[in-house]
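The structure appears below as structure tokens.
Every number here is computed from the coordinates shown, using simple stated rules; none is lab data. Everything numeric here is computed off the predicted structure, so don't read it as measured data. Note that we place each Cβ from the backbone using ideal geometry, even for glycine, and neighbour counts take in every protein chain shown.
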Amino acid sequence: MLRKIIIFIAIAVSIFLAFRYCEFKKDNTAEFEETALIQEQIHNVGKLVVTEGHFSEVLTYKDRQKYFLDMISVEKKALVIVNADVTVSYDLSKIQYDIDEPNKTITIRNIPKEEIKINPDLKFYDIQQNGFNEFTGDDYNKINKKVKEELAKKIEKSTLKSNAQNRLISELSKILILTNTMGWKLEYNGNVITKDQDLKL
């Protein structure tokens, strides 16, 4: 009789341990699947987000050289027509993040800064120069530098950068939607992200 009781207890304990093991394994599998799904979503977001714009500019370049104890000055000038293609991009493959599985939290540590590329096409008109003061490579470098400075000012006043940021937030919001759906938290800059606007740089 005692032997039967011991066998019964042993079977009961074995069934209980097996049940608990299956529950533990199930929880681990679910947690692993959630983590893998989030990593896959971040990987899918990790692409190059590019916003393009076109700008035009008209500049007058002048340079004056003086000779013979400043008694004679010789000027050269040109009208410069600028057409420039500009791109503002975010390389989201460089996004840095941490995954805290026990607390079900994704922490975005760093979002890459935007990269601005300006590709100007310059056309010169009404070029005025003479043998004492001719256009040189140095002049063209100065013109190119001035063009990029003027275009940079135009870009700052335009909606190009804000449009690029909106596209960036649209991509990052895909991570937010997934974490909310799965009951995880998304954090950035020490704050819990609850809406798209919280992702602004």
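Key figures
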{"item": "Computed label-point distance, nm, for sites Asn83 and Ile127 using a 7 Å Cα→Cβ extension", "result": "2.0 nm"}
{"item": "Sparse-neighbourhood loop sites, trypsin sites (Lys or Arg not before Pro) in segment 140-201 - DSSP loop, at most 15 other Cβ within 10 angstrom", "result": "Lys195, Lys200"}
{"item": "Segment Thr35-Ser162, extension gain: residue separation times 0.36 nm, minus the distance between their alpha carbons", "result": "42.5 nm"}
{"item": "Proximal charge balance of Thr105 [Cβ under 11 Å; K/R count +1, D/E count -1]", "result": "-2"}
{"item": "Candidates per chymotrypsin sites (Phe, Trp or Tyr not before Pro) in segment 121-201, loop by DSSP, up to 13 other Cβ within 10 Å", "result": "Phe132"}
{"item": "Euclidean distance between Cα centres, segment 126-201 to segment 80-120, Å", "result": "10 Å"}
